[in-house]
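Enquirer: Please read through the structure below; I'll follow up with questions.
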Amino acid sequence: MLFPLTDTLLDEAGRFALRSACCDCFYYVAGEDRCAHEWPDEGQRRWPLDAPLADGSRAETAAFCREFELR
């Protein structure tokens, strides 16, 4: 699911220690660098949320996986 990456979301993510990246998910298989459910990476691996895209620009959306379960 994509949400607008607003300054408010970034502020709240910092204040409440939001975790949503694959590396924080119960279903992430670290040794194989993949999701146990075989979900594709649609931006969920980018962390922190305000990390620049490959071209150096700021992302306009934040991707959240519906299967995410915090470790």
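Just so you know, all these numbers are worked out from the coordinates, no wet-lab data involved. Being a predicted model, the structure only gives us computed values, none of them experimental. So basically every Cβ, Gly included, is an ideal-geometry build from the backbone, and we count neighbours across all protein chains shown.
Enquirer: For the residue pair Glu67 and Leu9, what label-to-label distance in nm results when each label sits 7 Å from Cα along the Cα-to-beta-carbon direction?
Expert: 2.1 nm
Enquirer: Can you list the residues, at least 5 places off or on another chain, whose amide H is less than 5 Å from the amide H of Ala59, using H built in the peptide plane?
Expert: Leu53
Enquirer: Moving to a separate point now. In whole percent, what relative contact order does the chain give with Cα contacts below 8 Å and a gap of six or more residues? Walk me through the intermediate numbers first.
Expert: Working: 79 pairs, mean separation 33.9, N = 71.
Across the chain, relative contact order equals 48 percent.
Enquirer: Which whole-Hz couplings ³J(HN,Hα) result when phi for each residue of the stretch 50-65 is put into the Karplus expression 6.51 cos²θ - 1.76 cosθ + 1.60, θ = phi - 60°, listed in order with x for Gly and Pro?
Expert: 8, 4, x, 6, 4, 8, x, 7, 7, 5, 9, 9, 10, 9, 10, 7
Enquirer: Still on this structure, please answer the following. So how much slack lies between Phe26 and Asp55, counting 0.36 nm per residue of separation and subtracting their Cα-Cα distance, in nm? Working shown, then result.
Expert: On the way: separation 29, 0.36 × 29 = 10.44 nm, distance 2.96 nm.
Difference between extended and current length: 7.5 nm.
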